[in-house]
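Asks: The structure follows.
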Amino acid sequence: MKNVYPVFFTQAKDVILIEVPDFGILTQGKNMNDAFDMARDAMELHCISLEDAKEDIPLPSELKTLNAS
């Protein structure tokens, strides 16, 4: 089953900050291409860790329940 998870990208002075609320991930990228790669890599590693620990991967949150600020 494929799911779509909300990811927030915030332009800071020198980097793009990335938050994936459903996984508690905070990371950053040098530019948008790097930010997408960093977000994808962090999410993949987190899901692998959950699977290795025999834990369920959470379902995506609904956008209306998240605070993007």
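The values are calculated or read from the model by the stated rules, or taken from the named source; none is laboratory data. Small disclaimer: the values here were computed from a predicted structure and weren't measured. No Cβ is skipped: glycine too gets one built from the backbone with ideal geometry, and neighbour counts run over all protein chains shown. To get the accessible areas, we keep the full protein, side chains included, count just its heavy atoms, and leave off ligands, DNA and RNA. Shrake-Rupley method; radii C 1.70, N 1.55, O 1.52, S 1.80 Å.
Asks: Rounded, prolate or oblate: which fits the chain when a ≥ b ≥ c are the square roots of the eigenvalues of the alpha-carbon gyration tensor, with rounded for a/c under 1.5 and prolate only if a/b beats b/c? Write down the numbers at each step before the final one.
Replies: Values: a/c = 2.41, a/b = 1.45, b/c = 1.67.
Because a/c hits 1.5 or more and a/b fails to exceed b/c, the chain counts as oblate.
Asks: Counting only helical runs of four or more DSSP H residues, what would the 222 nm mean residue ellipticity of the chain come to if each run contributes -39,500 (n - 2.57) and the total is spread over all its residues?
Replies: That comes out to -10500 deg cm²/dmol.
Asks: With +1 assigned to the C-beta of every Lys and Arg and -1 to the C-beta of every Asp and Glu, and no other charges, what is the dipole magnitude of the chain about the Cα centre in debye, to the nearest 20? Before the final figure, lay out each step's value.
Replies: Numbers: 6 positive and 12 negative charges, 56 e Å.
My answer is approximately 260 debye.
Asks: Give, in nm to one decimal, the length gained when the segment between T10 and L26 is fully stretched (0.36 nm per residue of separation minus the Cα-Cα distance). Write out the running numbers ahead of the final one.
Replies: Numbers: separation 16, 0.36 × 16 = 5.76 nm, distance 1.12 nm.
Answer, rounded to one decimal: 4.6 nm.
Asks: Would you mind getting me the FRET efficiency between L63 and R40? Use the beta-carbon distance for r and R0 = 22 Å, nearest 0.05. If you can, show how the numbers build up before the last one.
Replies: Working: r = 19 Å, r/R0 = 0.88.
Taking R0 as 22 Å, the efficiency between L63 and R40 is 0.70.
Asks: Okay, moving on. Could you order T10, T65 by accessible surface area, starting with the largest, using a probe radius of 1.4 Å? Can you show the working numbers first?
Replies: On the way: T10 70, T65 95 Å².
Heavy-atom accessible area, descending, gives T65, T10.
Asks: What is the helix-to-structure angle for 32-52, meaning the angle in degrees between its Cα long axis and the longest Cα principal axis of the chain, kept from 0 to 90 and rounded to the nearest 10?
Replies: Compared with the principal axis, the helix lies near 20 degrees.
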